[in-house]
Amino acid sequence: MANREGAVETFLSAASRTAWGFRLELAIVAALAAAWLYSTRAIGVVAGPVVTTVPVAAVAAWPAARRLAWRQLRYASVRRRFSAAIRTTGFDRLKMGRTPQIVKVRETPAGYRLQVRLPAGTSATDLDNAAEVAAAAMGVADLRVSRDPRRASIATVAVIQRDPLAGPALPCSLASAGGWSLWEPIPVGLDEDANTVNVSLPEHNLLLGGEPGAGKSAALSLLVAAAALDPTVTLWLLDGKRLELAAWEPCAARLVGPSLEEAIEVLDHLRGEMDARYAQLLAWKRRKVAPDDGLGLHVVVIDELALYLASGEKKTRDRLAESLRDLIARGRAAGVIVLAATQRPSSDIVPTSVRDLFGFRWALRCPTRDASDTILGAGWAAEGYSRADIDPASRGVGYLLHEGGVPVRVRAAYLDDTTLARLAARAATARGHQP
Ligand SMILES: Nc1ncnc2c1ncn2[C@@H]1O[C@H](COP(=O)(O)OP(=O)(O)OP(=O)(O)O)[C@@H](O)[C@H]1O
Ligand SMILES: [Mg+2]
């Protein structure tokens, strides 16, 4: 008897859950059936069905309405699939039979984003622990759970069906720019929601890392392009390969190849310039350079930082590291920006006294989670922000840690050789060079 009651209860609970899951579809069918019955009685068996069919035909014929209806049906299906998938993880059994309540569904380039209210007694971490099994049950690539920073009871679940950052290279919006002000944010790529990601360089230094071929030099060239397009910016280029930055030579005050002595010369010159600027700012009673003071920004670009910090004689290397450390440490208010790229900024290659001063980090694909952590800073890989997870074919994809304080997954835009040469020529002309 007790068994029978239990079975009936289980059946009713499953039936009500299914009905609730299909509430949108059931409501539509119920509304149409009611309209059909009412209109048949009120205006007859011919006119009634015609009147009921008109709104359905109108929705089917009007593209915007059809899209809206189709989207709502898809959202309802995602809700059902997510709830069913969560139940397969045992989350509901552990948490008194309750699953997260879906508050909002939105479509994203990667799939869907769900805002869920967590049942009492659970947290976003519990849901995150169930995510891998639920993703498998849902048949999607991934479910990424993040807690609402303002409310512990709300979590966002990104349903990843496809990688929005895969595919052909992204064109760079700087490519058609006639000029640029480096005081303005620079568009460097797209995030997973297809929003443009901008980097604001004044008062910041950026360190780029990633395995060979990950796209460091290409990403660096976007920032160099913006700096070159601003004639008030003085560019200093240190290029270990003497090849990656060569196109920008006409726009630069100096381009140094793989010579540590010349690199030290440039850095020391800039330290002198920095001291002179501080004296000037003191006289003006200002605390930092500003767009209107005519001083302009200095941008120091170092590709293959490891070559300068880990090769040659120790005495020379140490001297270079000290000059660089001083420039980064004191350069902010004087308008000196350092952008550096290296394959792996581990402490045996880049002294931590230098590495830790870079406020912005951009980690492209790395061979291991440790390497990823070395670029972004300790701990981010454990939080799921690891560039070791990037598909090797996805060049230019990485995590950018900048203003928001949390790494953002970004696909960098790409300047091919022809566009880059054209842009460099335009920037050189704007700086008064004869073509
Ligand atoms: N954002 C991007 N979109 C598409 N393709 C890219 C992108 N970035 C780089 N690539 C491709 O990857 C190749 C290698 O890129 P890049 O030279 O920037 O790598 P790297 O990380 O600097 O490598 P290395 O450590 O050897 O210097 C480029 O020649 C280009 O074909
Ligand atoms: Mg490179």
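The values are calculated or read from the model by the stated rules, or taken from the named source; none is laboratory data. It should be emphasised that the depicted structure is a prediction, and the values quoted were computed from it without experimental measurement. Reconstructed Cβ throughout: ideal geometry from the backbone, glycine too, with neighbour counts over all protein chains shown. Just the protein is used for accessible areas: all its heavy atoms, side chains included, with ligands, DNA and RNA removed. Shrake-Rupley method; radii C 1.70, N 1.55, O 1.52, S 1.80 Å.
For the chain, give the magnitude of the charge dipole about the Cα centre (Cβ charges: +1 Lys/Arg, -1 Asp/Glu; no others), in debye to the nearest 20. Intermediate results must be reported in sequence, preceding the final value.
Working: 53 positive and 45 negative charges, 408 e Å.
Computed charge dipole of the chain: roughly 1960 debye.
Give me the count of lysine pairs in region 173-430 whose alpha carbons sit under 29 angstrom apart, restricted to pairs 8 or more positions apart or on different chains.
So the count of such lysine pairs works out to 5.
Once you sort the root eigenvalues of the Cα gyration tensor of region 296-337 as a ≥ b ≥ c, which label holds: rounded (a/c under 1.5), prolate (a/b larger than b/c) or oblate (the other case)?
In terms of gyration-tensor shape, oblate.
Pick out, from 405, 42, 305, the residue whose Cα sits farthest towards the positive end of the charge dipole of the chain, with +1 on the Cβ of Lys and Arg and -1 on the Cβ of Asp and Glu.
42
Can you work out ³J(HN,Hα) from phi for every residue in region 146-158, in order, using Karplus 6.51 cos²θ - 1.76 cosθ + 1.60 and θ = phi - 60°, giving whole Hz and x for Gly and Pro?
Residue by residue, region 146-158 yields 9, 7, 5, x, 9, 9, 5, 7, 10, 10, 10, 10, 8 Hz.
On the protein heavy atoms, probe 1.4 angstrom, tell me the percent of accessible surface of the chain carried by carbon and sulfur.
With neighbouring chains kept in place, the figure for the chain is 57 percent.
Considering the options 122, 185, 368, tell which one lies farthest towards the positive end of the dipole of the chain, charges being +1 on Lys and Arg and -1 on Asp and Glu at the Cβ, about the Cα centre.
122
So, in Å, what gap is there between the alpha-carbon centers of region 219-241 and region 311-326?
Their Cα centres are 23 Å away from one another.
Using just the helices of the chain, give the 222 nm mean residue ellipticity in deg cm²/dmol: DSSP H runs with n ≥ 4 each add -39,500 (n - 2.57), and the total is spread over all residues, rounded to 500.
Computed ellipticity for the chain at 222 nm equals -14500 deg cm²/dmol.
Would you tally the net charge around residue 131, using a Cβ to Cβ cut-off of less than 9 Å, leaving residue 131 out, and scoring K and R as +1, D and E as -1?
Neighbour charge sum, excluding residue 131 itself: -2.
Show me the helices of the chain, taken as full DSSP H stretches, that run 24 Å or more along their long axis by Cα and average 1.0 or above in Kyte-Doolittle hydropathy.
Values: long enough: 2-21 (28 Å, -0.22); 23-43 (29 Å, 1.18); 63-88 (37 Å, -0.60); 260-284 (36 Å, -0.10); 314-334 (30 Å, -0.93).
Once both thresholds are applied, what remains is 23-43.
Search the structure for amide H atoms under 5 Å from the amide H of residue 148, placed 1.01 Å from N in the peptide plane, and list their residues when 5 or more places away or on another chain.
Here 154, 155, 156 satisfy the definition.
Quick one: putting +1 on the C-beta of Lys and Arg, -1 on the C-beta of Asp and Glu, what dipole do you get for region 173-430 around its Cα centre, in Debye to the nearest 20?
340 debye
I'd like to know which of 141, 266, 221 lies farthest towards the positive end of the charge dipole of the chain, counting +1 on Cβ of Lys and Arg and -1 on Cβ of Asp and Glu.
Highest projection toward the positive end goes to 141.
Can you give the extra length, in nm with one decimal, that the chain gains between residue 141 and residue 177 once fully stretched, where that is 0.36 nm per residue apart less the Cα-Cα distance?
9.2 nm
Using a/c under 1.5 as the rounded threshold, could you call region 24-176 rounded, prolate or oblate? The axes a ≥ b ≥ c are square roots of the C-alpha gyration tensor eigenvalues, and prolate needs a/b larger than b/c, oblate otherwise. Could the numbers behind the result be given before it?
Working: a/c = 3.02, a/b = 1.49, b/c = 2.02.
Oblate shape, in that a/c is at least 1.5 and b/c is the bigger or equal ratio.
Determine how large the accessible area of residue 261 is when every protein chain is in place; take a 1.4 Å probe and give Å² rounded to the nearest 10.
Surface open to solvent at residue 261 totals about 120 Å².
FRET efficiency for residue 403 and residue 161, Cβ-Cβ distance as r, R0 = 25 Å, nearest 0.05?
The value I calculate is 0.30.
May I ask for the percentage of alpha-carbon pairs in the chain that lie more than 27 Å from each other?
63 percent
If a/c stays under 1.5 just call it rounded; otherwise compare a/b with b/c (prolate if a/b is bigger, oblate if not). Do that for region 173-430, with a ≥ b ≥ c from the square roots of the Cα gyration tensor eigenvalues.
Rounded.
Over the chain, with a Gaussian network built from C-alpha contacts below 10 Å, which listed residue (375, 154, 337) shows the highest mean-square fluctuation?
Ranking 375, 154, 337 by mean-square fluctuation puts 154 first.
Looking at the chain, what % of its DSSP beta bridges pair antiparallel, to the nearest 5?
So the antiparallel bridges amount to about 60 percent of the total.
Per residue, how large is the accessible surface of the chain? Use a 1.4 angstrom probe and give square angstrom.
Counting only protein heavy atoms, the per-residue value for the chain is 50 Å².
Suppose every Lys and Arg Cβ carries +1 and every Asp and Glu Cβ carries -1, with no other charges. What dipole size does region 22-114 come out with about its Cα centre, to the nearest 20 debye?
520 debye
Report the residue, chosen from 310, 253, 64, that carries the largest GNM mean-square fluctuation when the chain is represented by alpha-carbon nodes joined by springs under 10 Å.
64
Hey, with R₀ at 22 Å, roughly what FRET efficiency would residue 71 and residue 115 work out to, going by the Cβ-Cβ distance, to 0.05?
Computed FRET efficiency for residue 71 and residue 115: 0.85.
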